[in-house]
1. Scan the range 25-52 residue by residue and report those that are touching a residue at least 40 places away in the same chain (Cβ under 8 Å) and of a type outside the set (V, I, T).
2. Among (1) at negative phi; (2) within 12 Å of ligand 2 (Cβ to nearest atom); (3) not basic (K, R), there is one condition T173 misses while meeting the rest; what is its number?
3. Kindly check whether there is at least one residue in the range 376-393 that is of a type outside the set (S, T, N, Q), more than 27 Å from H294 (Cα to Cα), more than 20 Å from the chain's Cα centre (by Cα) and at pLDDT below 95.
4. Give me a count of the residues in the range 64-109 that are surrounded by 16 or more Cβ atoms within 10 Å (Cβ to Cβ), over 25 Å from the mean Cα position of the chain (by Cα) and not charged (D, E, K, R).
5. Filter the range 141-159 down to the residues that are under 19 Å from L239 (Cβ atoms) and either within 16 Å of ligand 1 (Cβ to nearest atom) or at pLDDT below 95 (or both) and list them by number.
6. Quickly run through the range 92-111 and pick out the residues that are touching a Lys or Arg at 6+ places or on another chain (Cβ under 9 Å), of a type in the set (A, V, I, L, M, F, W, C) and more than 16 Å from ligand 2 (Cβ to nearest atom).
7. Can you say whether R297 is among the charged types (D, E, K, R), within 15 Å of ligand 1 (Cβ to nearest atom) and either on the phi > 0 side of the Ramachandran plot or more than 13 Å from the chain's Cα centre (by Cα) (or both), as far as the supplied structure shows?
8. Pull up the range 311-323, narrow it to residues that are buried (at least 17 other Cβ atoms within 10 Å of the Cβ) and more than 14 Å from ligand 2 (Cβ to nearest atom), then point me to the one that is nearest to L77 (Cα to Cα).
Amino acid sequence: MSRYDTIWYGAQLATMTAGSAPYGAIEDGAIAARDGTIAWVGRRGDLPDEPERLADRAVDVGGRWITPGLVDPHTHLVFGGDRVADFERRVAGQSYVAAAGGGTGIAHTVAMTRAADEETLYRDAAQRMRTMIANGSTTIEIKSGYGLDVETELRLLRVARRLGHELGITVRTTYLGAHVVPPDYAQRRDAYLALVCDEMLPRIAREHLADAVDVFCDEIAFSPAESARVLDTARRLGLAVKVHADQIVDTGAAALAARYGALSADHLEHTGEEGVAAMARAGTVAVLLPGAYHYLRETVKPPVAALRAHGVPIALATDCNPGTSPVTTLPTVLNLACVLFGLTPHEAVAGVTFNAARALGLDDRGVLEAGKRCDLALWNVGSPAELSYWLGTSRCAGVVVNGSPVGCEPREGGRSA
Ligand code: NIG
Ligand code: FE
């Protein structure tokens, strides 16, 4: 019996482990997997024997770069319809906040989602997810939050779980019943919060449909006090929490997230220094969403310098959603984060690997290291910085999930796409 199931060799490895080399790079590297776990990582010359003699399957990746499989820690991937009409109004000058009322904005997607059957929701989301995987993602978080009634929220979470099972990657589900107050509860905010806390949350916890709970704490959604009610209930039920924080105005949402020991606080465009300091003390990860910033033509940037100064880990995500970020490829987000927020290409890659895994509470991935899950992404690039350089073309040559290739296998030879 071979020592390993598979060895990939002829590779440049961006291990993303801390150390002196940028990206934790290993040139002319090899990586070996056994039972879905990374069993060996290093220079090819340090392998004790020829790859063919050590593994059942030896793959020459032809000089390509290998990173940890990318982690997308914030998406609203499952929804009905689209928001093209909102987009047209917004490019003509209407603001996101103005679109939040009436039948447009999130309320429109809620109506379209309630009207969509499970099969349609699944099929449309699966198509988006295939694009994500083809662009390097092997772990994806999916939020509910476009149902806002018991039946539809459960449907969204079930579809999210099924996407993970059928497409063969890790899906982490997050219940976002507190996305906004739905139109049918417009004058009864407390009644809606009671529905979320007393009915939906206990049921979702009982049926193990969500790995975490999120709340949109902002001026068009829930106040800090209302958000705290949801976070208290989630914590009582033993669920991890996350917060959509300070996207539109600073309501103190990042500090609230920290107070609840949230895995992450996301958006953060308007977060002040106090919120950042609180996040640092709590170990809460900052998830930045440059797709939403770009689509909404925001001008206030998240406090990147303060996040760095306080040592808050920075993660990045597509925020894939129909209203503010119809983005399905993480490499696009890397580029936007560098160009719009001034992240370094190294910070950008860390933001969709190690730090993104932390934002989901996962410590078994995000670096190429023996003992971690063997989730890999292979790239037709000459350096890891090139991942942030291209915009709109895919340089991904395939992914490996739990030790097995998914999608296209790397071709032999040259590195052109
Ligand atoms: O993350 N900020 C709140 N929620 C989503 C957008 C939802 C929508 O507009 O449909 C976001 O940007
Ligand atoms: Fe979001």
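The values are calculated or read from the model by the stated rules, or taken from the named source; none is laboratory data. Remember, predicted model here, so these are calculated numbers, not experimental data. Cβ atoms come from the backbone with ideal geometry, glycine included; neighbour counts cover every protein chain shown.
1. Going through the range 25-52, the residues touching a residue at least 40 places away in the same chain (Cβ under 8 Å) turn out to be 25, 31, 33-41, 47, 51.
Residues satisfying the conditions are A25, A33, R34, D35, G36, A39, W40, L47, P51.
2. Checking T173 against (1) at negative phi; (2) within 12 Å of ligand 2 (Cβ to nearest atom); (3) not basic (K, R), the one that fails is (2).
3. Within the range 376-393, the subset of a type outside the set (S, T, N, Q) is 376-379, 381-382, 384-387, 389-392.
Applying the additional criterion that residues be more than 27 Å from H294 (Cα to Cα) yields 376, 378, 382.
Pick out the ones that are also more than 20 Å from the chain's Cα centre (by Cα) and you get 382.
Keeping just the survivors that are at pLDDT below 95 gives none.
Looking through the range 376-393, none of the residues is of a type outside the set (S, T, N, Q), more than 27 Å from H294 (Cα to Cα), more than 20 Å from the chain's Cα centre (by Cα) and at pLDDT below 95.
4. 2
5. E141, I142, K143, S144, G145, G147, L148, E153, L156
6. Matches in the range 92-111: A98 only.
7. On the way: among the charged types (D, E, K, R): yes; within 15 Å of ligand 1 (Cβ to nearest atom): yes; either on the phi > 0 side of the Ramachandran plot or more than 13 Å from the chain's Cα centre (by Cα) (or both): yes.
Against the criterion (among the charged types (D, E, K, R), within 15 Å of ligand 1 (Cβ to nearest atom) and either on the phi > 0 side of the Ramachandran plot or more than 13 Å from the chain's Cα centre (by Cα) (or both)), R297 qualifies.
8. Within the range 311-323, the match that is nearest to L77 (Cα to Cα) is I314.
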